[in-house]
Amino acid sequence: MKQVMKYTIISTVTENNKEADAVISELSALETETDIIYTDNMSICGCAGCYDCWLKTPGICSIKDDHEQIFVKLLQSDRVIFIAEVKLGFVSYKMKNLLDRMLPILTIYLKFKNGQMRHYTRYKNRTDLGLLYIGNADAEYLAGWMERVAINFDSRSLGVYEIGNRKEFYHALGDH
């Protein structure tokens, strides 16, 4: 019996974007347990860099906004697929804010892993991360960046694909 994976799709693009809506519809049909989050009308502040999530309230961000519900969904998911626009060749500030605010997943404590210094993770769940992007970017550069993000969260990258190449992404999901 095939285990049902829990997916969360987080779209930082404007709602009713035809390409993003197509991906969300297609991915929802592939998996029986899929949560969808549209961040367009959410209030998500940038990380303040206060490190309260490490020192004062371990695992809990001091900023109280809509990011809390995203954080909880991320912790409950096997795979998170981000849909984001790229601006000037890199993910938009909306996507960057989301990832910066994931800092509470980590602890202040460090270890060596594969010859590199890494933070210990706070939770047992290891969520795979993937990115579908809209716009012009160097896919290889973004793939390297996503790989680093996944390593930092002791996770695995599902890859980075331009949204027009989403069929390749769907195929890659089966390989993981």
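Taken over the C-alpha atoms, the range 8-62 has Rg and Dmax values of 15.7, 43 angstrom. Calculated mean residue ellipticity, 222 nm, the chain: -10000 deg cm²/dmol, from DSSP H runs (n ≥ 4) at -39500 (n - 2.57) each, averaged per residue and rounded to 500. The share of C-alpha pairs in the chain whose separation exceeds 28 Å stands at 20 percent.
Accessible surface of the chain, 1.4 Å probe: 52 percent of it comes from carbon and sulfur atoms. Across the range 104-110, computed HN-Hα scalar couplings (Karplus, 6.51 cos²θ - 1.76 cosθ + 1.60, θ = phi - 60°) run x, 5, 9, 9, 6, 6, 10 Hz from first to last residue, x flagging Gly and Pro. Rounded to the nearest 20 debye, the dipole size of the range 6-173 about its Cα centre is 800 debye, using +1 on the Cβ of Lys and Arg and -1 on the Cβ of Asp and Glu. Label separation (E147 vs L88): 2.5 nm, computed from points 7 Å beyond Cα along the C-beta direction.
The values are calculated or read from the model by the stated rules, or taken from the named source; none is laboratory data. Computed from a prediction, not measured in an experiment: that's the story for all the values here. We place every Cβ from the backbone using ideal geometry, glycine too, and count neighbours over all the protein chains shown. To get the accessible areas, we keep the full protein, side chains included, count just its heavy atoms, and leave off ligands, DNA and RNA. Shrake-Rupley method; radii C 1.70, N 1.55, O 1.52, S 1.80 Å.
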